[in-house]
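Peer 1: To start, I am sharing the structure in question, which I have written as structure tokens.
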Amino acid sequence: MGTENDYLFDIMGVLFPIMFFGILGLFVFGLLSSIFQWKRNNKQPRLKVPAKVVTKRMKMRGGESHSTSYFTTFEVESGDRMELEVEGGYYGQLVEGDEGMLSFQGTRFLEFNR
């Protein structure tokens, strides 16, 4: 019976550090990706183009602290579509089919005026 417990202890001694560093690596990767995206957006010009609201969606995250992200897909005159994350206040005001001027910088939503 003692050797079986030793075997399980040895497995956990290997698996725990692998899981710990794997989760830590994912966290660091996500943080670095966000920083690089922020820098890329800052280097892009601010554009203001005619656009139409095509669709909207929400992404809810559970866990201890609940959070919701809001996304809107815009279609520009060329027919290209882009999905941008918008603040909740803008999300509530936008309606599918709305037409107006979209301001954005890279993948960063700035504003939409009807």
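Peer 1: Using the Cα centre of region 16-107 as the reference point, and only Cβ charges (+1 on K/R, -1 on D/E), how large is the resulting charge dipole? Debye, rounded to the nearest 20.
Peer 2: It comes to approximately 340 debye.
Peer 1: Also, quick follow-up: For helix 2-43, report the angle its Cα long axis makes with the longest principal axis of the Cα atoms of the chain; keep it between 0 and 90° and round to the nearest 10°.
Peer 2: Value to nearest ten degrees: 20.
Peer 1: Determine how large the accessible area of Thr73 is when every protein chain is in place; take a 1.4 Å probe and give Å² rounded to the nearest 10.
Peer 2: The accessible area of Thr73 comes to roughly 20 Å².
Peer 1: Can you give the calculated 222 nm mean residue ellipticity of the chain, where each DSSP H run of n ≥ 4 adds -39,500 (n - 2.57) and the sum is split over every residue, rounded to the nearest 500 deg cm²/dmol?
Peer 2: -15000 deg cm²/dmol
Peer 1: Loop-only check: which GluC sites (Glu not before Pro) in region 74-114 are DSSP coil with at most 16 other Cβ within 10 angstrom? Each step should come with its number before you reach the end.
Peer 2: Values: sites: Glu75, Glu77, Glu83, Glu85, Glu87, Glu96, Glu99, Glu111; in loops: Glu77, Glu87, Glu96.
In loop regions of region 74-114 (DSSP not H, G, I, E or B), the sparsely surrounded GluC sites (Glu not before Pro) are Glu77, Glu87, Glu96.
Peer 1: If you stretched the chain out fully between Val54 and Phe20, how much longer would it get, using 0.36 nm times the residue separation minus the C-alpha to C-alpha distance?
Peer 2: 8.1 nm
Peer 1: Here is a further query. Where both residues lie in the chain, what percent of DSSP beta bridges are antiparallel, nearest 5?
Peer 2: 95
Peer 1: Between Val28 and Asp80, what FRET efficiency follows from the Cβ-Cβ distance if R0 is 41 Å, with the result rounded to 0.05?
Peer 2: 0.80
Peer 1: Give the residues of region 31-63 whose amide nitrogen is closer than 11 Å to a point set 7 Å from the Cα of Phe71 in the direction of its Cβ.
Peer 2: Once the point is set 7 Å along Cα→Cβ of Phe71, 56-60 turn out to lie under 11 Å by backbone N, inside region 31-63.
Peer 1: Below 8 Å, C-alpha to C-alpha, sequence gap of six or more: please give me the relative contact order for the chain in percent.
Peer 2: 24
Peer 1: Now a separate question. Which one, Gly92, Ser33, Gly62, projects farthest toward the positive side of the charge dipole computed for region 7-114 from Cβ point charges (K/R +1, D/E -1)?
Peer 2: Of the candidates, Ser33 comes out farthest on the positive side.
Peer 1: Right, something else. Stretch Glu99-Arg61 to full length: gain in nm at 0.36 nm per residue minus the Cα-Cα span?
Peer 2: My answer for the length gained is 10.7 nm.
The values are calculated or read from the model by the stated rules, or taken from the named source; none is laboratory data. Predicted model, so just to flag it, every value in this text is computed and none were measured. Methodologically, a virtual Cβ is constructed for each residue, glycine included, from the backbone with ideal geometry; neighbour enumeration extends over all protein chains shown. SASA here: full protein model, heavy atoms, side chains in, ligands and nucleic acids out. Shrake-Rupley method; radii C 1.70, N 1.55, O 1.52, S 1.80 Å.
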